[in-house]
Each structure stands twice: as structure tokens, then as C-alpha cells.
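Let me begin by presenting the structure, written as C-alpha cells, before commenting on it.
The values are calculated or read from the model by the stated rules, or taken from the named source; none is laboratory data. Since this is a predicted model, take the numbers as computed values, not measurements. Here the Cβ is made from the backbone with ideal geometry for all residues, glycine too, and neighbour counts use every protein chain on show.
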Amino acid sequence: MTELKNDRFLRAMLRQPVDRTPVWMMRQAGRYLPEYRATRAQAGSFLDLCKNAELACEVTMQPLRRYPMDAAILFSDILTIPDALGLGLYFEEGEGPKFHKTVRSEADLAGLASFKADDDLGYVMNAVRTIRNELNGEVPLIGFSGSPWTLATYMVEGGSSKDFANIKTMAYDKPELMHALLGLLADAVVDYLSAQVRAGAQALQIFDTWGGALSAAGYKEFSLKYMQRIISRLPTEADGRRIPVIVFTKNGGQWLPAIAHCGAQVVGIDWTTDIGVARSLIGDRVALQGNMDPSMLYASPARIRKEVASILESYGHGSGHVFNLGHGITPGVNPDNVTAFVDAVIELSPQYHQAD
């Protein structure tokens, strides 16, 4: 494999010395970029875009051509596994993802298709290989998956949900069925992320988007336990380098000490938690990723710069911080404001690493 020219992101994830704080954005390849919208129109649909390795590579590279990001993230969707299990993923404009089938009974669970990542999601591995080749060692490539709980919410609800009534009914009234589904999904995620590493992913993120919808006890039982199981079974090295893992639970700030013991090298935090507080709680155990409010990107460049400065100051000196948003960038953001964001991190963060 090509030698990595910029390993700042990987080093920070392992809390090794860096010259400045690395930066990337969740959903950095997305609808806020006009070139992305043009490529999606060319593909015909979001799923067709995901399944075309060359176009998936193109949209992965687009933000890197505009901004000096320290990492690329595979362009795909968290719901590829449920789709491969036979639930029939589709997207309705303005309504998000939906499934033709749901999993709400033992029969539904038994009816799921068998799963082998290299075969059933070969198009994702083709995209990983294509992107890795195109990157040519400029920055690392992040692979990802949804967490079992988050995947299950979509599979049981049939799409997005505001109250999670169906899956919470299953969790609390039919826990054996819930655990059977989560166990199946954990096995699938291990297979899926391991295949991404074999194809060339150099770091991994588990998106636990809906873990924060659970109670404290429910989170540990239905979400965190399965992410811990996954991490314990993932490959730890490839090409002579460590493969760090990021766990990101949206609205999970109240459970940081527990999350820090799940085996991940990095804990992603959303914008509702002060990063300085998070560091005081768990920063001696893991690196932290985050955590500017994505809506701050609607503000002026001066205000964005001030917010970046505040987050850097709150984290303080030393390595172990990957600068990111507290969730994905939203479609209406002016791309020039992202320039202000990234430039601020690059210009303001070196002072916090002078003693590293």
C-alpha cells in the first residue's frame, strides 16, 4: 500500500504527538456542496450513487479538493446492512430512509436473508478500494457502520421515528427477540467493518445515532454492550498500522465514563457536552472527537472562528483531540463557511501542541 503522507488524524486518535489538531467533518461529502448535488443527479438516485464505486469515490474526494481535511470518509449509508438482509431500502424525498419490510416478530427475524459482507455489500468494498487508490496516501480513509441498536431502530420502525414506540416495545416487552436481532446485527457489523479494513479502510467509526433515545440502563443493555462486542472482534492492525475505532453516540454525553470503557480508542461527542468536561472525565483513557454545533456553520466566519477558538481552549493543550462537528453538516450551509471553520482549526490549534 502507498505510504501515508498525512497521518495526523491517526496519531491524534492514538493520543500521540501532533503538530496541530486534525480536522474532518461528519457528512463532509454531502448536499451542501454543489458538486455533490451534480454528481448525485448524474447517478440518478442516492442508492445508485452509493453503489457506483467511481461516483462514490468522486463525492468522497470532493471536500478534499476544497478543504485541507485530515481524513476522508467512505461515501455510503448506514443502512446498507438492513438492505442486504432483505428489507428493501428506499428513500422518499423529504422523508428520509424507509424499508418495504420490518422486523417485529420471530418470523420476521427468521426471514432475514443470510449475510456475507464481501458478497452482499461488495459494492461498498469496491468503493473503499477505489477511494483508497485515488487518495494515493494523502490522508487516511475512514470506514463506518451504524451501531446494532441504530440499525435495529430503522428495521423495526420501518424508517425514521420520533418516539421509537415499536422498538422500545420490543426491547422492554420482548427482550429475547430484541437481543436476538441485536446479536445478529453485531455479527453482521463485525463482518462488514472487517471487510472494509481488508479493502483499505484505515480507521473505523460506529455511528450510534439513536443510542441517546434510550434510558441509562437501556443504553448499556441494548446499545453499548453490542458495540463493545463488535470492537473486541475487529482487526486491530493492517499494513503495519493500528486501526483505531471511534464510537459516536448522539446525546450520549451523560454516559461518557461507560462509553470510554467499550474498547474504542476515540469517543465522539455531540455539541451538548463541553469538551473540557469530557476530557476531565475520560480524556486520560481515550481520545475525543468533536464537537462544534453544526448550526454554527450558518454564522459569520468571525463567529465560527470564535467558536473554534473556544472549543480548542476548552480541550486545552496536548494531543488526543480530533476536531469535528457534534453531528453531520447540514445541507443549507454555505461552503465558504466550511473554509472558515477548517482554516480556524489549522491556524489556531498549533499553539496547543507546542509541548507535544
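Listing for the model above:
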read-out	value
Lone qualifier among ASP70, ASP108, ASP83 - being modelled with pLDDT of 95 or more, outside any loop (DSSP other than H, G, I, E, B), charged (D, E, K, R) and in contact with a strand residue (DSSP E or B) (Cβ under 9 Å, 6 or more places away or on another chain)	ASP83
Condition check for ASP270: more than 21 Å from ARG11 (Cα to Cα), out of contact with any Phe, Trp or Tyr (no Cβ under 6 Å at 6 or more places or on another chain) and buried (at least 19 other Cβ atoms within 10 Å of the Cβ)	yes
Test: residue in region 318-337 that is at pLDDT 95 or above, aromatic (Phe, Trp, Tyr), more than 29 Å from GLY94 (Cβ to Cβ) and over 21 Å from the mean Cα position of the chain (by Cα)	no
Any chance PHE248 is in contact with an Asp or Glu (Cβ under 9 Å, 6 or more places away or on another chain), buried (at least 22 other Cβ atoms within 10 Å of the Cβ), touching a residue at least 40 places away in the same chain (Cβ under 8 Å) and over 22 Å from ARG132 (Cβ atoms)	yes
Any hit, region 212-228, residues being in contact with a helix residue (DSSP H, G or I) (Cβ under 8 Å, 6 or more places away or on another chain), buried (at least 16 other Cβ atoms within 10 Å of the Cβ) and not in a helix (DSSP H, G or I)	yes
Tally, over region 58-117, of residues that are more than 28 Å from PHE323 (Cα to Cα), small (Gly, Ala, Ser) and in contact (Cβ under 8 Å) with a residue 12 or more places away in the chain	7
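Yes/no matrix, rows are residues, columns are (1) part of a helix (DSSP H, G or I); (2) not aromatic (Phe, Trp, Tyr):
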position: LEU112; (1), (2): no, yes
position: ASN126; (1), (2): yes, yes
position: GLY137; (1), (2): no, yes
position: TYR172; (1), (2): yes, no
